[in-house]
1. Along Cα→Cβ, 7 Å out, is where each label goes; now give me the distance between the ones at residue 63 and residue 2 in nm to one decimal.
2. Treating the angle as unsigned and between 0 and 90°, give the value, to the nearest 10°, between the Cα long axis of helix 71-83 and the longest Cα principal axis of the chain.
3. I'd like to compare 151-160, 137-146: which one has the highest average count of other Cβ atoms within 10 Å, and what's the full order after that?
4. Sorted by average packing, counted as other Cβ atoms within 10 angstrom per residue and highest first, what order do 27-40, 3-16 take?
5. Using 1/(1 + (r/R0)^6) with R0 = 30 angstrom and r between the beta carbons of residue 50 and residue 156, what's the FRET efficiency to the nearest 0.05?
6. On C-alpha positions alone, give me the angle between the axis of helix 149-165 and the longest principal axis of the chain, in degrees, nearest 10.
7. Normalising by the residue count of the stretch 1-123, find the relative contact order in percent from Cα pairs under 8 Å and 6+ residues apart.
8. What does the convex hull of the alpha-carbon atoms of the chain project to on average, in nm²?
């Protein structure tokens with residue numbers, strides 16, 4: 001897998017610690033939450049659009065993950081969130097998508113598990129949204145994620161079979177990507 005970069009997510013006290021960050025539910029934290037602030041958006045949104053959120057405009061499927069590989073942007077984001085007393089967490093994202101590339105060798109991380117989500121900014125997660133309701137036979141780890149790559153591969157195969165045997169749009173239809181996620185526990 002490629003180490004793609006960091007996603008900043010508003011902290012939510014929930015057992016699910018994956019990449020889903022639409023912020024539409026109080027159970028998942030919002031990814032890139034400062035970009036929606038009227039005052040801060042001009043400071044953060046242009047960089048996000050050009051260097052992180054490329055998946056919205058990229059016509060070449062599966063070539064970019066909405067993760068940041070620029071430590072100065074991450075530090076700027078962290079500083080602004082801390083000024084506003086906004087609790088957040090930093091997710092280190094790995095995938096089989098080759099871009100962006102990030103050197104995480106100096107970061108202290110804790111492995112969380114594997115998620116199956118959109119590559120774009122809100123990262124809708126099929127794992128978070130489907131396992132409890134459609135695929136309850138799968139057991140997730142303490143973070144609400146698959147513990148191994150083999151387990152998530154089994155889920156994806158079962159999901160594809162389910163899609164073939166059920167009416168269209170029974171499940172979310174999109175370009176999902178397997179994410180290996182770690183939480184950054186020390187960002188010095």
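Computed from the coordinates by the stated procedures, all read-outs in this text should not be read as laboratory data. Note that the coordinates shown come from a computational prediction; the quantities given were computed from them, not determined experimentally. We place every Cβ from the backbone using ideal geometry, glycine too, and count neighbours over all the protein chains shown.
1. If labels sit at residue 63 and residue 2, their model points lie 1.1 nm apart.
2. That helix lies at roughly 80 degrees to the long axis.
3. 137-146, 151-160
4. The densest-packed peptide leads the list: 3-16, 27-40.
5. Here the calculated transfer efficiency is 0.40.
6. 60 degrees
7. After rounding, I find 44 percent.
8. Hull-based average projected area comes out at 10.8 nm².
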